[in-house]
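Accompanying notes for the structure given below.
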Amino acid sequence: MLVGLQNSCVVLDTKADSIANGGKTHFKMLNSCSGAGEVAEVEEVRGHQRVPSDTKEFHEATKRDALMRLKKDLDNLLETVEDSKRTGVQKEMCGFEALYHRFLQEDGPSVEWDRIDKLPEDAVKDYSTMKCPQETHIRDMLEKLVVVKLNGGLGTSMGCHGPKSVIPVRNDLTFLDLTVQQIEHLNKTYNANVPLVLMNSFNTDEDTEKVIRKYKGFKVQIYTFNQSCYPRISRDSLLPIAKDFSIENDIDAWYPPGHGDFYQSFQNSGLLRKFIEEGREYCFLSNIDNLGATVDIKILNRLIGDDRQGDKPIEFVMEVTDKTRADVKGGTLIHYENKLRLLEIAQVPKEHVDDFKSVKTFKFFNTNNIWARLESIERVLNAKTMNMEIIVNNKTLDNGMRVIQLETAVGAAMKCFDGGIGINVPRSRFLPVKKTSDLLLVMSNLYSLKYGSLVMSPQRMFPTTPLVKLGDNHFSKVKEFLSRFANIPDLIELDHLTVSGDVTFGRGVSLRGTVIIIANHGDRIDIPAGAILENKIVSGNMRILDH
């Protein structure tokens, strides 16, 4: 009995064979989709005969049932796909099924804590020791580079509609505007042709295509491709909640499966092979909302220029930066099973979470700025050895339905490559805008704008950015956030700002040192124009105290 997709990922033996095998059903993951090639056994379910002896056995039996039922659900979904899109969708569903199969099989933390080794001395390179290339070599190096931006996210968490990349962040310029300016400046300065590639999701593709038309006159070639679109899974049945492939009609039933999907989707789009054939060697990949993630000539020089060391190419680079107490939940680099790999907090056994958060034990965290060799990506994909840890993202939809999203992280692929290294970069290369508190910093006089790149003011005495916490109730949405500032305060000498409650700021306010402003419920605080607050606490009744 053949069950499932055309060129099926899973083949089940006939029922007669299962009975002959003592009530076991065999299934095999075929190389055509997953490359697993393993034969496993699943207890066949017969009506109500199964009586789980405990909770774990019950869950295991539920998972085994779900794997067999998934095939039928995916077949039914594929029947609703337009013929012109069927081949591409089948590839995506093979990827989803392989991920789903691993989700059912894997149990417990993916890392045994006691087997984590100390990072070798040469595992993380110090950025400050890297050499600048000769000016005459820069153009040739840039011709071997592709810049990729992860552009699948929406701006809903900040109260904006459409792709996050079109939120204005500085001088009415958006994340996308700044990125295009950066690449164009490189191309003009060195007479190069560095392409910009945007990985969109089904959430951002249509709007992004409309926006990028305005860049036609710029000296930068822009390519786009879509990451996969996977069905959300019911947490109760462990089966897809989607009924058909009319994604726009039931958008809550689908999701983009995290940025770890980049590698396979990049290959499926044809762009990976295209750039290899053009002689491109590396891609630099980063989140589009990280305004510090610009093309770095010194890192590129280490990969393909004067500073390259040894005969073997570096296949994978993860930019890391020094961890502070604000970054304790960020992924870190570890040495495990003789390879460098990314360790996320979700992989850490509960009893070791405090160890993971220790700034002394794990000194670096991942910026998600990744450099990867294109031919190595193709080799790993073709060998079907791309094996990233699964992130199980639990969500509750507006209708109350509990669902699961299976995702992967792009940095988790590091262990699949040879010759990977970390580079300890300055904090300036990690400037993400996730909340309006980040937006306050990048809009302020802490930074000046130069060819699309933000440069910290030389007047700032410390290279670290201030720690800013703005109350969710009044500042979390961009529109309301902007309405609370007559203009952005002077933050050059600010160390720490906490604002809670109904607070507004007049024009020309200066904040220095540690400033805490808390409006009690029902009260409102208006910081007057021209006010200078240095190491002050402003309470609900406008008392100003030394901090």
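The values are calculated or read from the model by the stated rules, or taken from the named source; none is laboratory data. Not measured: the values here are computed from a predicted model. Cβ: placed from backbone, ideal geometry, glycine included. Neighbour counts: every protein chain shown. Ligands, DNA and RNA are stripped out before the accessible areas are found, and what is left, the full protein with its side chains, is counted by its heavy atoms. Shrake-Rupley method; radii C 1.70, N 1.55, O 1.52, S 1.80 Å.
Of note:
- Protein accessible area in the chain, 1.4 Å probe - carbon and sulfur %: 48 percent
- Multiplying the residue separation of THR189 and TYR451 by 0.36 nm and subtracting their alpha-carbon distance yields 93.2 nm.
- Above 13 Å, the calculated P(r) of segment 143-198 contains 63 percent of its Cα-Cα pairs.
- Over the C-alpha atoms of segment 314-364, the Rg to Rh ratio, Rh being the Kirkwood estimate, stands at 0.96.
- Alpha-carbon centroid distance for the pair segment 349-380 / segment 182-242, whole angstrom: 25 Å
- Reach of LYS216 by Cα under 13 Å, taken over aspartates and glutamates that are not fewer than 8 positions away in the same chain: ASP177, GLU184
- Cα-Cα over 23 Å, subset of LYS85/LYS274; LYS350/LYS477; LYS350/LYS395: LYS350/LYS477
- Measuring max minus min along each principal axis, the C-alpha atoms of segment 267-376 give extents of 49, 32, 32 Å (largest first).
- Kirkwood hydrodynamic radius of the chain, Cα pairs, Å: 25.9 Å
- Label-to-label distance, ASN387 versus ARG86, with points set 7 angstrom from Cα along the beta-carbon direction: 3.4 nm.
- q = 0.09, 0.10, 0.19 Å⁻¹, segment 111-266: log10 I(q)/I(0) [Debye, one scatterer per Cα]: -0.46, -0.56, -1.18
- Cross-link table LYS71/LYS415; LYS118/LYS360; LYS144/LYS339; LYS149/LYS312, entries beyond 22 Å C-alpha to C-alpha: LYS71/LYS415; LYS144/LYS339; LYS149/LYS312
- Neighbours of ILE276, meaning other residues whose beta-carbon lies under 13 angstrom from its beta-carbon, give a summed charge of +1 when Lys and Arg score +1 and Asp and Glu score -1.
- Convex hull per residue volume in Å³, alpha carbons only, for segment 436-539: 93 Å³
- Mean projected area of the Cα convex hull of segment 328-416, taken over all directions, amounts to 8.0 nm².
- Sites GLU79 and ASN487 - FRET efficiency at Förster radius 35 Å, r taken between beta-carbons, to 0.05: 0.05
- Annotation: aspartates and glutamates with alpha-carbon distance below 13 angstrom to LYS131 (same-chain offsets under eight excluded): ASP296, ASP306, ASP307.
- Where the chain is the region considered: accessible area per residue in Å², 1.4 Å probe: 48 Å²
- For the residue pairs LYS164/LYS214; LYS298/LYS323; LYS243/LYS479; LYS91/LYS479, the alpha carbons lie more than 29 Å apart in LYS243/LYS479; LYS91/LYS479.
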